[in-house]
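Nothing in this text is a laboratory measurement; each read-out follows from the coordinates by a stated rule. The model shown is predicted, which means the values in this text are computed figures rather than measured ones. As a convention, Cβ positions derive from the backbone with ideal geometry for all residues, glycine included, and neighbour counts pool all protein chains shown.
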Amino acid sequence: MDCATLLAARTGNMTVSAIRELLKVVSQPGMISLAGGIPAPESFPLELLEHLYRTVLEKHGAAALQYGASEGFTPFRQALVGHLEPLGIRVIAEDILTSSGSQGMLDALGMVLLSKGDKVAVESPTYLGALQAFAPYEPRYLTIETDEDGLVPEALEAALRRESVKFLYLVPTFQNPTGRTLSLERRTAVADLIRRHDVLLVEDDPYSALRYRGDPLPSLKSLAPEQVVYLGTLSKVLAPGLRVGYCVAPQSLRKWLVIAKQGIDLHTGSLSQALAAEYLSGGHLQKHLPTIISLYRPRQEAMLEALERFFPPGFRWSRPQGGMFIWAEGPPGLDMTEVYPWAVARNVAFVPGRYFYAEPDRGIETLRLNYTMADEKSLARAIAILGEVLAA
């Protein structure tokens with residue numbers, strides 16, 4: 001049977017993840033991957049997880065293995081209340097929804113908010129996974145200018161005056177792909193703009209806990225509570241395989257997200273949520289986070305030092321205070337998709353930056369570099385090789 005004749009029209013807007021296709025080369029022997037946004041396996045608290053599994057089964061028994069409420073596992077939602085407070089997000093457990101990673105909630109938001117042709121404002125560049133989640137619902141993207149400090153509020157204001165926008169999607173802290181962080185001044189300006197123009201903002205925040213330098217910044221949710229949907233995840237600070245995310249949305253939107261989730265997956269895995277609840281309520285995140293940061297900080301520093309030493313003239317790159325990525329830009333016209341196979345031939349993988357733009361003709365001279373999956377010596381060697389390839 002030729003099932004291709006049965007496909008819905010929306011599949012024409014669904015594409016294979018360029019990054020996941022690129023990551024297939026990572027398993028090749030000797031490959032140093034600077035490509036994935038993947039936590040280091042050595043950052044996973046394996047011994048602690050064995051203890052948490054026992055605790056969960058002793059405390060919750062079969063309930064941790066049973067179907068659960070679409071809104072989420074109550075002890076996990078209760079634990080998230082205290083977890084969100086340092087970000088300035090003051091809620092009760094009933095305000096929080098859980099999801100299969102934050103990616104699951106991006107799909108739900110697209111389902112309940114987007115009709116064909118609706119405009120979604122995004123940073124340029126932006127997170128590829130968000131573009132993939134929204135694409136089946138056939139939006140039009142309104143790209144907003146960014147610089148070294150992230151989204152430019154003046155560009156956002158001009159766009160909001162000119163266009164009717166269904167929502168604005170941002171990763172304001174240690175952004176994927178650039179690593180940039182929106183300053184407090186710009187956060188305040190953005191919060192003011194979305195209030196004045198009555199625009200919904202989706203704040204995706206997977207990386208803010210991974211801060212190596214500088215002071216934490218308040219969430220956009222804390223600055224404009226009624227205008228912001230806040231998305232969080234434990235994928236970067238516990239384990240991505242558990243697929244545990246969460247969402248705080250305005251009440252008028254929350255019930256529709258629950259209805260969408262009932263059709264998508266019924267509920268997020270009860271066992272994963274129970275483990276996450278014990279991880280947070282037992283204070284284990286605060287104890288384990290310094291271990292993760294002590295692993296990633298020297299890796300980031302090693303990559304930055306290697307970039308200074310080995311990259312050819314004409315390149316510049318971000319210098320994030322945390323997160324998992326460094327964004328590099330080369331001379332105009334240098335196409336990183338053509339550079340990529342030459343780097344892979346020498347056992348170094350990266351992601352060409354063009355995949356992070358809503359406009360297909362943007363960003364050919366950019367590349368995203370990840371430093372969490374290799375040790376310092378390997379990172380230095382990979383950047384040295386990549387520098388040679390770029391120079392050639």
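Annotations
- Antiparallel bridge percentage (DSSP; both residues within the chain; nearest 5): 55
- Per-residue ellipticity at 222 nm from helix content only, as computed over the chain with -39500 (n - 2.57) for each DSSP H run of at least four residues, stands at -12500 deg cm²/dmol.
- For the chain, averaging the sequence separation of C-alpha pairs within contact (under 8 Å, six or more residues apart) and dividing by the residue count gives a relative contact order of 24 percent.
- Three-way shape call for region 220-276 based on the alpha-carbon gyration tensor, with the a/c threshold at 1.5: oblate
- Built amide H within the under 5 Å cut-off of F167, gap 5+: A121
- Cα-based shape type of region 176-256, given that a ≥ b ≥ c are square roots of the gyration tensor eigenvalues and the cut on a/c is 1.5: oblate
- Distance from the Cα centroid of region 319-392 to that of region 79-110 is 33 Å (rounded to whole angstrom).
- Reach of K24 by Cα under 22 Å, taken over lysines that are not fewer than 8 positions away in the same chain: K236
- Sorting the segments 133-145, 25-37 by their residues' average number of neighbouring beta-carbon atoms within 10 angstrom, most packed first, yields 133-145, 25-37.
- Here the 3J(HN,Hα) profile of region 47-52, calculated from phi with Karplus coefficients 6.51, -1.76 and 1.60 at θ = phi - 60°, is 5, 5, 4, 4, 5, 5 Hz, Gly and Pro shown as x.
- On full extension, the segment bounded by R161 and S27 gains 43.4 nm, given 0.36 nm per residue less the C-alpha separation.
- Backbone N within region 358-392 under 13 Å of label point (7 Å from R297 Cα along the Cβ vector): none
- Rough spin-label spacing in nm, given labels placed 7 Å along Cα→Cβ, for R362 and M14: 2.6
- Distant-in-sequence amide H partners of R319 (H built 1.01 Å from N, under 5 Å): none
- With contacts taken as Cα pairs under 8 Å and at least 6 residues apart, region 67-282 reaches a relative contact order of 30 percent.
- Under the Debye formula (equal points on every Cα, no solvent term), log10 I(q)/I(0) of region 67-282 at q = 0.11, 0.13, 0.17, 0.18 Å⁻¹: -0.49, -0.69, -1.22, -1.37
- Spin-label pair E50-S281: with each label point 7 Å from Cα along the Cα-Cβ axis, the two points sit 2.4 nm from one another.
- Restraint check, K166/K221; K166/K255; K116/K255; K116/K166, Cα-Cα greater than 20 Å: K116/K255
- Segment L65-I264, extension gain: residue separation times 0.36 nm, minus the distance between their alpha carbons: 69.7 nm
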